[in-house]
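One structure is given here, and the rest of the page talks about it.
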């Protein structure tokens, strides 16, 4: 069985999740939006259901696919411990951009003329 991470590694499955975060959808809506075959969409939905990223809600004869947020919250919790790395990198980048702005080429030429 595939893991949540393996399921998310496929770009088309991420596109499906992007669409489902807007609202629940039926297979034919996803086919129309994604421009891939119905069997292709169904295959991706089956995998997303197996890893519990998506669940099906039946309304009379219609099947609506919607996101199950629980596995995504688990991933978010895991990633939380790495967020400080992004914050540190952004602070360093901000410092570098500030230094580069102070050292613009126009500023250096003006100093040379003095």
- Message: I'm checking my understanding of the structure. Among residues of the range 37-51 that are touching a residue at least 24 places away in the same chain (Cβ under 8 Å) and surrounded by 15 or more Cβ atoms within 10 Å (Cβ to Cβ), which one is farthest from residue 72 (Cα to Cα)?
- Response: 41
- Scanning for something assigned to a helix (DSSP H, G or I) and within 17 Å of the chain's Cα centre (by Cα), does the range 22-31 turn up at least one residue? yes
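This table checks each residue for (1) exposed (fewer than 10 other Cβ atoms within 10 Å of the Cβ); (2) more than 25 Å from residue 28 (Cβ to Cβ); (3) in contact (Cβ under 8 Å) with a residue 24 or more places away in the chain.
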| position | (1), (2), (3) |
| --- | --- |
| 53 | no, no, yes |
| 58 | yes, no, no |
| 64 | no, no, yes |
| 70 | no, yes, no |
| 74 | no, yes, yes |
| 82 | yes, yes, no |
| 88 | no, yes, no |
| 91 | no, yes, no |
| 96 | no, yes, no |
- Failed item, numbered, when residue 48 is tested on (1) assigned to a helix (DSSP H, G or I); (2) out of contact with any strand residue (DSSP E or B) (no Cβ under 8 Å at 6 or more places or on another chain); (3) assigned by TED's automatic domain parsing to the domain that holds residue 12: (2)
- Note on the structure: When residue 5 is run through (1) assigned to a helix (DSSP H, G or I); (2) modelled with pLDDT of 95 or more, the failure sits at (2)
- Query: Here are some residues: 85, 97, 93, 72. Which one is part of a helix (DSSP H, G or I), at pLDDT 90 or above and under 31 Å from the mean Cα position of the chain (by Cα)?
  - Reply: 72
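The values are calculated or read from the model by the stated rules, or taken from the named source; none is laboratory data. This one's a predicted model, so the numbers in the text were calculated from it and none came from an experiment. A quick note on method: Cβ atoms are made from the backbone with ideal geometry, for glycine too, and the neighbour counts reach across all protein chains shown.
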